Ligand SMILES: Nc1ncnc2c1ncn2[C@@H]1O[C@H](COP(=O)(O)OP(=O)(O)OP(=O)(O)O)[C@@H](O)[C@H]1O
Ligand SMILES: [Mg+2]
């Protein structure tokens, strides 16, 4: 029984655009949930698995989004090629941002990554190719070999594809030798060193992965929303992504998606007029989770799993 | 090569404190060598110098390598391994995952294999190797436990397992018997002998004199950073300097 649950869920998800065809805007929000979920998954690998903090994660998204927008709009590159270029650029950028982590820890690393994030914002604001402070307008939607994805639900399937891809990459990575080397580094640096983990490489790998995930998320955001502005990727988003990663449950695979679901839908449920109330609730939930749920919202998934095991008598 | 490890004029200073003072020591291949001395004598600091965790004057040679020139994370590749006075296990990984990581440098993987879920720790020959260590240390029943749920003595065995699975030539153990009960100590003594019989040279820092006198082939004694004596167990037991150093502590 338990074996089939992920497949049943997946089929349900595949049919969501049909189920929700009367309310396509919900699909639009779900697209955002997945986009931010991918980004948070990257931060989860960095912080939850590698133990390295970043307060500049949103800047990685900006790098991916702007790179793709520039290549598609200004150089007429096909979306797929622009996507690949953006991933490479994000990886290089992640490597650069990772260097301070070789010397800095904790608060100091947080400050350094925040500063780098600000620099990205300032540069984007001043360049003309990015649209500067006007923002980057009229970014075309996803173009897959001539098919332009216009509707929420067609975008949904493309974003879902990348969302599942990053989920499986994370899942396998965490169990792999390199994934465990990051966990080892987070758990005990001297222990990791004595089994032969090159700590510098492990830290850089964590930053590159985080940046690639965020970059991909930024690309999806750019072509989904069709507009980018530096202020959308400033410190507040970095902090929200950090909060999402933490309330989801650091180092858990379901955490980022559950928490970004919560983050996107909370204001909708409460109503846009009560924006302040939803920020307050979000803040309270962050505090409660930090206090009482060490594995964050994914604790819910663990409980369900455990109960299913009981039902099956395992 | 007679000496596996050779420490020449090692001096380690922390500010005004001279933790290790012009210290010399040689560890012969195949022996169980004990490094003893009262609290604060500088024993752990010697280990940390070998591991490049502290700056030092002098030279440390292992085989033909000058260890100053070798990055800490490469030591396992040239045949060095160690445990720590305060455990350094990975608390969020279970027992078998902790031990598997001891093979980190022996197993080759790449990013593509990693993200497609290919588990190098389950590849040919590796499972047997892990099983061998688990059996030797009697840990088979604990493989899915997380370290913090195990008695302290068992956790130490897990750390030992992680250290020996890479087949080191020289194994450094920092107070391996501390915190063990009598039964665990007896068991531990047997394991140390087995390791030596497998050809692993052991350098052990330990306060349990009965254990040390029983298993060591050779003993070096430190006090306040200086070497005050060295020799076979019987010589050390009757050495005036050694007795004084330990009595001075009491
Ligand atoms: N990183 C450090 N910074 C400053 N002082 C240190 C450091 N490490 C050790 N010391 C000091 O150096 C001296 C030697 O310490 P060390 O840990 O080597 O002793 P030890 O012989 O291992 O003692 P014990 O048997 O208690 O473990 C002590 O006075 C200790 O306080
Ligand atoms: Mg010590």
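No value in this document is a laboratory result; all are computed from the given coordinates. All values derive from a computational prediction rather than experimental measurement. Virtual Cβ from ideal backbone geometry, glycine too; neighbours counted across all protein chains shown.
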### Task
Compute the semi-axes of the equivalent ellipsoid of segment A:126-278, taking the square root of 5 times each eigenvalue of the Cα gyration tensor, and list them largest first in whole Å.
32, 20, 18
### Message
Taking R0 as 56 Å, what FRET efficiency do you get between residue B:28 and residue B:113 from their Cβ-Cβ distance, rounded to the nearest 0.05?
### Response
0.85
### Message
Order B:132-141, B:39-48, A:299-308 from most to least packed using the mean count of other Cβ atoms within 10 Å.
### Response
B:39-48, B:132-141, A:299-308
### Message
Between 0 and 90 degrees, rounded to the nearest ten: what's the tilt of helix B:152-164 against the longest Cα principal axis of chain B?
### Response
80
### Query
With the radius of gyration and the Kirkwood radius both derived from the Cα set of chain A, what is their ratio Rg to Rh?
0.97
### Message
Given points 7 Å out from each Cα along the Cα-Cβ axis, report the residue A:88 to residue A:280 separation in nanometres with one decimal.
### Response
5.1
### Query
Shape call for segment A:94-190 from the C-alpha gyration tensor, a ≥ b ≥ c root eigenvalues: rounded (a/c under 1.5), prolate (a/b greater than b/c) or oblate?
oblate
### Task
Specify whether the C-alpha gyration tensor of the protein assembly as shown places it in the rounded, prolate or oblate class, a ≥ b ≥ c being the square roots of the eigenvalues: rounded for a/c under 1.5, otherwise prolate if a/b is larger than b/c and oblate if not.
prolate
### Pairwise centroid distance, computed over Cα atoms, of segment A:32-79 with segment B:55-91, Å
39
### Task
Please work out the FRET efficiency for the pair residue A:99 and residue B:182, using the Cβ-Cβ distance as r and a Förster radius of 45 Å; give the result to the nearest 0.05.
0.30
## Note on the structure
The relative contact order of chain B, taking Cα pairs under 8 Å that sit 6 or more residues apart, comes to a percentage of 28
#### Entry: Between 0 and 90°, nearest 10: helix B:182-197 axis offset from chain B longest Cα axis
80
### Task
Please give, to one decimal in nm, the separation of the simple spin-label points placed at residue B:77 and residue A:29, each 7 Å out from Cα toward the Cβ.
5.3
#### Entry: Within 10 Å of each Cβ in A:178-189, the average number of Cβ atoms from other chains
5
### Query
Measuring from label point to label point, each 7 Å out along Cα→Cβ, what is the residue A:150 to residue A:235 span in nm?
4.3
### Pairwise FRET efficiency - residue A:306 versus residue A:134, Cβ, R0 = 45 Å, nearest 0.05
0.30
### Task
With a ≥ b ≥ c taken as the square roots of the eigenvalues of the C-alpha gyration tensor of segment B:39-190, please select rounded if a/c is under 1.5 and otherwise prolate if a/b is larger than b/c or oblate if it is not?
oblate
### Task
On a 0 to 90° scale, report how tilted helix B:126-136 is relative to the longest principal axis of chain B, with both axes built from alpha carbons and the result rounded to the nearest 10.
50
### Query
What per residue convex hull volume, in Å³, comes out for segment A:10-96 when only alpha-carbon positions are used?
135
